[in-house]
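Quick notes on the structure that follows.
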Amino acid sequence: MPASFALGAFIGALTREAVAGVVASLPVSLVAAQVNSFLRAYYLAPATVRADRLPMGTYMVNMYIGRLNGRPLTGRAANRALYMLGHRNTDARLARMHAATFYVIQPGGRFWPFQLIETAGLLALAVPLGAATVWIVRRRET
């Protein structure tokens, strides 16, 4: 990840210790991966679908049980529907309640737009850190 490498180089240049830069880059990589995973649901507006199986490559954001018009169940109806989830023929039981399982998803076709969004965000962090690192190193040489 360019941002963690740039941060590691920046911290190494600041402290004049290569080990400090390497040690700082590992947790930054882990945090950046978690942040990207969390934010991916919000890059583009998700789609809501009612399906038995989700298509390959789909990123599921959320799931809920709702009326056939897509509105989530509440109160007693929601409790009954949640109780049915562990039983066989869940779809048939939900159909008798005029309910269905809905999935909030990011379709698999959005893979490349997401990659571009994530790359732009990481480069927006990496370029200033890289420039600051070069500035610090050159300033110390003079």
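On the stretch given as segment 63-119, residues that are in contact with a Leu (Cβ under 7 Å, 6 or more places away or on another chain), free of Cβ contacts under 8 Å to residues at least 40 places away in the same chain, of a type in the set (A, V, I, L, M, F, W, C) and within 17 Å of Ala47 (Cα to Cα) total 1. So for segment 103-113 (the condition being in the same structural domain as Gly12 (by TED's automatic domain parsing) and within 17 Å of Pro2 (Cα to Cα)), does at least one residue qualify? No, segment 103-113 has no match at all. Scanning segment 63-79 for residues that are hydrophobic (A, V, I, L, M, F, W, C) and closer than 13 Å to Val104 by Cβ gives Met63, Ile65.
Among the conditions (1) in a helix (DSSP H, G or I); (2) among the β-branched types (Val, Ile, Thr); (3) in contact (Cβ under 8 Å) with a residue 12 or more places away in the chain, the only one that Val19 does not satisfy is (3).
If you check Ile11, Ile65 for being at pLDDT 85 or above and in the same structural domain as Pro128 (by TED's automatic domain parsing), only one passes: Ile11. Listed here are the helices (runs of 4 or more DSSP H) enclosed by segment 32-142 that have at least 1 residues being among the hydroxyl-bearing types (Ser, Thr, Tyr), loosely packed, with under 13 Cβ neighbours inside 10 Å and under 20 Å from the mean Cα position of the chain (by Cα): 111-141.
The values are calculated or read from the model by the stated rules, or taken from the named source; none is laboratory data. Only a predicted model underlies this, so the values are computations on that prediction, with no experimental measurement involved. Don't worry about glycine lacking a Cβ; one is built from the backbone with ideal geometry, like all the others, and counts go over all protein chains shown.
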